[in-house]
Structure formats: C-alpha cells, structure tokens
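Got a structure here, written out as structure tokens. Questions coming.
The values are calculated or read from the model by the stated rules, or taken from the named source; none is laboratory data. None of the values given here were measured: they were computed from a predicted structure. Please note: Cβ atoms are built from the backbone with ideal geometry, for glycine as well, and neighbour counts cover all protein chains shown. For accessibility, only protein heavy atoms count, side chains too; no ligands or nucleic acids. Shrake-Rupley method; radii C 1.70, N 1.55, O 1.52, S 1.80 Å.
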Amino acid sequence: MENKRFEHIITRYLKGKATPEEEAELLQAIHASKEWEAAFRKRTAEWNPLEETEADPETDRKWNRIASIITPSESQSQTEEAPVISLISTSSRRIWFSIAAVVLLLLVSGVTVYFLNQGRKTGTGNAEWQTIIAAQEDRSILLPDGSSVYLRENSELSYPEVFASSIREVKIKGEAFFEVTPNSEQPFIVDASGLSVKVLGTSFSVQTSDQGNEISVILVEGKVSLNNAHEKELVQLHPNQKADYFVNDEHYTVTEVDSERLTSWRKGIIFYDNASLDEIVRLIEQTYKVSLMYTRPENDDQRFSGAFLKTQKLETVLQQTNKLTGTNLILIQ
C-alpha cells in the first residue's frame with residue numbers, strides 16, 4: 001500500500017467514514033507489515049478529532065446548545081425553553097466542545113465513582129478501596145500515582161484511593177494492561193488471586209481465566225517478577241516474554257512472544273496467531289457479544305493467524321474469517 005493511500009484510508013477510518021472494503025484493506029496492510037502496524041499505532045495515538053471537525057449548521061446548533069447549558073443567559077434562566085441562536089465560530093465551537101467534554105466527563109465519572117464507592121468499598125488500613133468494572137467495553141483508568149490501566153471488557157480492577165507509603169497494590173479479575181509510573185521506593189504489585197506481579201516501572205498485561213486457575217502475564221517493556229501465594233519468587237520476565245501460571249499445581253511456563261500484538265486489544269486491534277478455529281470463533285463471540293455456529297472442516301487440526309478491528313462490522317469479520325478458515329460461520333439469532 002502506498003503512503004498516500006494509507007493516509008487516506010486511516011483518516012476515513014478515524015472519522016468513522018471508512019467502507020468495509022477500506023477497513024479490510026487497512027487491516028490487511030496492518031497484518032502484513034509491522035511498518036504499517038507501527039504507523040497505524042502512531043496515527044491513532046496522534047488523532048485529534050477536534051482538529052478534523054467540519055463546520056455545518058447542524059453541528060453549530062449542537063455546540064450552541066451545549067454552550068447554553070453550561071453558561072445559560074439571564075433570559076434563558078427566566079424561561080423554560082429559550083431558542084438557541086447559532087453565533088459560535090468554528091474555533092470557538094472547538095473550545096466549547098473541549099469544555100463540554102470535560103464537564104460531561106466529570107459529571108459521568110463523579111456519578112459512576114460515587115455509586116461504585118457506595119456499593120463496593122471495603123476498608124483496608126486507612127485507605128478505602130474502590131472497584132471499577134468494565135462491563136460492556138474497555139476502560140482507561142488513571143491510578144493515584146499516575147500509572148495508567150487499560151481495563152478490558154468483562155474485567156474488574158480494585159485499588160485504594162491512596163497508595164500506602166511502602167507499596168502500590170491493586171487487584172485484577174479478567175484482563176488489564178498496565179503502564180506503571182516508575183518509583184524505586186514504592187514497588188507496584190498486581191494481585192491476581194494466586195499470583196502477584198511485582199514491578200518498579202514498566203508496561204505489561206495480566207489476564208486471569210474465568211475459573212481463576214490460570215493466569216497469564218505478558219511483558220512489553222521493563223522487568224517484572226512473578227510470586228506465588230506464598231510470596232516465593234518464581235521467575236523474572238523480560239520484554240516479549242509471556243508466562244502462563246497454573247494455580248492448582250503451581251506450575252508455570254515462559255515463552256517468547258510478540259508482546260505488542262498480544263496486547264493490541266487496547267488499541268482496537270484483535271490479533272490471533274497460530275489459533276484453532278474454536279479459539280477464533282470464541283474470540284469473535286466475546287468481542288461482538290454473539291453466538292455462532294459452524295461446520296467443522298475436514299482438516300480440523302489447522303491453525304490460523306489473522307486480525308480484525310473492533311470497529312469492523314460483524315458481517316465483514318465473518319466473511320473474512322470464512323475465507324481464511326474455509327468454513328461457514330453462521331450467526332445464531
């Protein structure tokens with residue numbers, strides 16, 4: 001794919017205007033070349049929708065409505081419904097959008113945290129713990145020390161409002177990616193119910209199985225040590241290593257992996273490498289919250305590698321998967 005073509009498609013994709021064919025072309029380029037994959041990550045990280053906003057009467061009306069809610073005029077406060085007049089310029093509209101987004105985020109976050117704290121707080125020492133649940137979609141969380149957590153859907157993260165002076169401890173159920181703020185005086189510990197991950201400052205992911213008997217840790221950068229429930233150090237991981245720990249028999253394995261691809265879900269890209277048909281179907285079902293049925297191919301032990309974007313339509317993903325695997329995935333209504 002040429003640079004000009006790539007830039008055209010990714011811009012349409014980020015604006016939500018890409019066709020299924022363009023999404024498929026973009027996905028093929030990302031999967032075929034690490035250069036295009038890196039360019040995609042960079043472009044999405046730099047994307048600022050405010051700079052791409054186009055002026056139109058309907059958008060002006062919406063921005064003015066937001067402005068009128070935040071700073072109502074004297075006449076508006078005296079009436080139930082005052083007419084909205086479009087007087088905001090394009091640059092001003094962007095400023096109002098930023099203010100409105102922050103206000104709405106604060107309102108929503110405040111209400112969410114309030115109810116979570118009321119229903120899920122438990123006292124530990126002098127600090128109260130709160131639990132954040134990513135029920136239907138991935139969530140980004142900023143911890144008290146400035147560390148970032150990308151919590152995958154159907155996962156839970158618990159942490160204190162204020163970290164203790166000696167350690168920074170959090171608890172995870174499900175899957176999360178951590179970018180930890182370095183602090184050699186205050187180690188960061190992730191409790192995964194049977195395994196703890198100790199770090200000073202690094203990027204990694206932790207995943208627990210539904211049954212809680214298997215825990216996976218993938219290290220992107222830095223160094224982490226894995227400790228069992230008896231606080232015995234099992235192994236230290238290095239970048240691009242994955243550890244699978246089996247709680248019941250306290251056994252673990254370490255393999256070399258492409259850590260960026262395996263943690264790409266936080267960027268909206270779902271990769272699968274050397275996966276069985278059953279594993280691919282389960283991944284699609286979990287991502288789109290659907291049930292699928294299919295006929296098994298004659299060669300049932302085949303393994304496949306591929307990817308899809310979380311924003312792609314289910315129909316497009318099914319077509320691509322059918323072509324790749326030679327089967328026929330059918331949506332169960």
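Kindly indicate whether D273 is open to solvent by 20 Å² or more (accessible area, probe 1.4 Å), in a strand (DSSP E or B) and modelled with pLDDT under 90.
Numbers: open to solvent by 20 Å² or more (accessible area, probe 1.4 Å): yes; in a strand (DSSP E or B): yes; modelled with pLDDT under 90: yes.
So D273 fits the description; yes.
When you go through (1) over 20 Å from W265 (Cα atoms); (2) modelled with pLDDT of 95 or more; (3) not aromatic (F, W, Y) one by one for V217, which number turns out not to apply?
(1)
Moving to a separate point now. Does region 179-212 hold any residues that are open to solvent by less than 50 Å² (accessible area, probe 1.4 Å), among the polar types (S, T, N, Q) and either in a strand (DSSP E or B) or under 9 Å from V224 (Cβ atoms) (or both), and which are they?
S196, T202, S203, S205, T208
Given R282, R296, which one is among the basic types (K, R) and at pLDDT 90 or above?
Exactly one of R282, R296 is among the basic types (K, R) and at pLDDT 90 or above, namely R282.
Restricting to region 144-161, count the residues that are within 15 Å of T181 (Cβ to Cβ), surrounded by fewer than 19 Cβ atoms within 10 Å (Cβ to Cβ) and not hydroxyl-bearing (S, T, Y).
Qualifying residue count, region 144-161: 3.
Now for a separate question. How many residues does region 240-257 contain that are closer than 26 Å to E37 by Cα and surrounded by 15 or more Cβ atoms within 10 Å (Cβ to Cβ)?
6
Right, something else. Residues of region 221-239 being under 22 Å from the mean Cα position of the chain (by Cα) and open to solvent by less than 20 Å² (accessible area, probe 1.4 Å), which ones?
Matches in region 221-239: V224 only.
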